[in-house]
Amino acid sequence: RVRNLYTKCGHGETLPDEMIYCENSKCRFSPFHPAACKPPNCLKTCQQYKTFPQQYNPHIDAFCAYCVAYHQQQQNLAARR
């Protein structure tokens with residue numbers, strides 16, 4: 001889960017969730033998990049559950065897309081006067 005926080009306007013934008021696949025061959029859900037790895041050995045040697053989703057909140061030193069569009073619209077209106 002990613003939520004961008006824009007420091008110049010204080011707004012936040014939550015991005016759509018995306019599946020990030022594990023690259024560990026010892027994870028049952030990884031595309032790198034060997035097809036030949038089967039129970040009962042797999043149950044003893046490989047991760048059998050998905051981990052909790054990570055959350056990432058980068059602070060971006062900019063205005064959000066809504067504020068940028070709003071300010072551009074205001075500038076266009078002022079230029080017409």
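The values are calculated or read from the model by the stated rules, or taken from the named source; none is laboratory data. Remember, it's a predicted structure, so these values are computed and weren't measured experimentally. FYI the Cβ positions are ideal-geometry reconstructions off the backbone, even for glycines, and counts take in every protein chain you see. Heavy atoms of the whole protein, side chains included, go into the accessibility calculation; ligands, DNA and RNA do not. Shrake-Rupley method; radii C 1.70, N 1.55, O 1.52, S 1.80 Å.
With the structure loaded, tell me whether PRO39 is touching a Lys or Arg at 6+ places or on another chain (Cβ under 6 Å), at pLDDT below 95 and assigned to a loop (DSSP other than H, G, I, E, B) or whether it fails that test. So PRO39 does not fit the description; no. In this structure, TYR6 does not satisfy being of a type outside the set (A, V, I, L, M, F, W, C) and open to solvent by 80 Å² or more (accessible area, probe 1.4 Å).
Can you tell me which residue is surrounded by the most Cβ atoms within 10 Å (Cβ to Cβ) among those in the stretch 47-81 that are more than 29 Å from MET19 (Cα to Cα) and charged (D, E, K, R)? Among residues in the stretch 47-81 that are more than 29 Å from MET19 (Cα to Cα) and charged (D, E, K, R), the one surrounded by the most Cβ atoms within 10 Å (Cβ to Cβ) is ARG80. Among the residues of the stretch 23-46, how many are in contact with a strand residue (DSSP E or B) (Cβ under 8 Å, 6 or more places away or on another chain) and open to solvent by less than 60 Å² (accessible area, probe 1.4 Å)? Total satisfying the criteria: 3. Looking for something of a type outside the set (D, E, K, R) and on the phi > 0 side of the Ramachandran plot - is there at least one such residue anywhere in the stretch 9-23? Within the stretch 9-23 (the criterion being of a type outside the set (D, E, K, R) and on the phi > 0 side of the Ramachandran plot), the answer is yes, since at least one residue qualifies.
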